[in-house]
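**Student:** This is the structure I have questions about; it appears just below.
No lab work stands behind these numbers, since they all come straight from the coordinates. These figures come from a predicted structure and were not determined experimentally. A quick note on method: Cβ atoms are made from the backbone with ideal geometry, for glycine too, and the neighbour counts reach across all protein chains shown.
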Amino acid sequence: MTVRAPAEATQQARVRVLAENPAMPGSDASDGDFEIRSAVLLVRFDLEVAADGVHLDWETDPAPGPEGIRGYGLVRRTAGGIEAPVDPKSPVITSTSWVDPEARPGIEYVLSALDATERWIELGRQRVAGIDGLRAGPQPWRGDGALRVAFEAPAGGAYTPADLEVALFDAAGREVAVLARGPLEARAGIVQFDWSGRMSSGARVAPGVYFLRASAPSAAFHLTRRIVVVR
């Protein structure tokens, strides 16, 4: 028996049974209508930022194959609206995962399926989250664990400029500690690291109000964030 379903969503679908052998007369149909929301079901579409780029994994029902869909289209869309397949040489892929080493904050991925009728069906979207300014937490910080620092790399590169410096200053503007110096690796355009809370002398930073500054003069890059340390 062969079952044919509409290529598009419909609210008025019925099952009709016909004999494949023309010599056998007769047919039957369902009594009522039912809804087909999509010819392809997106089971999951996951995005994870890793050291080698953004990992995308997905699953559909049906999967690519003789009785399923022909394949997938995965398009990278920049914040400026420019679209391009992640693999220009092969716009239709049959794998269910992809690693994009060129990912940057703000990039959106659009996943589509190519069905048996050569029709593209959009399945879902994922966006690489960006970071607004300089992040440091938790806040207030008790100083008994790591302080997580994160920010977008200047110019969205894979590494920060060599003159990048992340330093902590007290309320009087005196430098208390240097947390990191460039070049630092950026994963999907994001720089992220932990600081133990110890100064160059080895002592823990004292309670108080501080200012965290990330700067790279060569890239005209300057970010500041207020930090509160408590005990």
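**Student:** Using only Cα atoms, figure out Rg for segment 71-120 and give it as a multiple of 2.2 N^0.38 Å. Provide the component values of the computation, followed by the final result.
**Tutor:** Numbers: Rg = 11.4 Å, N = 50, 2.2 N^0.38 = 9.7 Å.
Segment 71-120 yields a ratio of 1.17.
**Student:** Determine, from the Cβ-Cβ distance of Trp120 and Lys89 and an R0 of 25 Å, the FRET efficiency 1/(1 + (r/R0)^6), rounded to the nearest 0.05. Walk me through the intermediate numbers first.
**Tutor:** Values: r = 19 Å, r/R0 = 0.74.
Result of the calculation: an efficiency of 0.85.
**Student:** Okay, next question. Scaled to the compact-protein estimate 2.2 N^0.38 Å, what is the alpha-carbon radius of gyration of segment 77-215, rounded to two decimal places?
**Tutor:** Numbers: Rg = 20.6 Å, N = 139, 2.2 N^0.38 = 14.3 Å.
It is 1.44.
**Student:** Wrap a convex hull around the Cα atoms of segment 135-229, take a quarter of its surface area, and give that in square nanometres. Show your work: numbers first, answer last.
**Tutor:** Numbers: hull surface 22.9 nm².
So the Cα hull casts an average projection of 5.7 nm².
**Student:** What FRET efficiency do you get for Ala150 and Ser201 if R0 is 22 Å and r is their Cβ-Cβ distance, rounded to the nearest 0.05?
**Tutor:** On the way: r = 26 Å, r/R0 = 1.18.
Rounded to the nearest 0.05, the efficiency is 0.25.
**Student:** Sorted from largest down, give the three principal axis spans of the alpha carbons of segment 41-127, whole angstrom values.
**Tutor:** 37, 23, 21
**Student:** Pull out the extension gain between Ala158 and Ala171, defined as 0.36 nm times the separation in residues minus the alpha carbon to alpha carbon distance; nm, one decimal. Display every interim value, and only then the final one.
**Tutor:** Numbers: separation 13, 0.36 × 13 = 4.68 nm, distance 3.30 nm.
Separation in residues times 0.36 nm, less the Cα-Cα distance, equals 1.4 nm.
**Student:** In segment 91-118, whose amide N lies under 19 Å from the spot 7 Å out along Cα-to-Cβ of His55? List them in ranges.
**Tutor:** Counting only backbone N, you get 95-105, 109.
**Student:** Ranked highest first by the average count of other Cβ atoms within 10 Å around their residues, in what order do 219-230, 109-120 fall?
**Tutor:** Working: 219-230: 14.4, 109-120: 16.6.
Listed from highest to lowest mean packing, they are 109-120, 219-230.
**Student:** Still on this model: Please work out the FRET efficiency for the pair Ile131 and Val99, using the Cβ-Cβ distance as r and a Förster radius of 22 Å; give the result to the nearest 0.05.
**Tutor:** Details: r = 22 Å, r/R0 = 0.98.
With R0 = 22 Å, the Cβ-Cβ based efficiency is 0.55.
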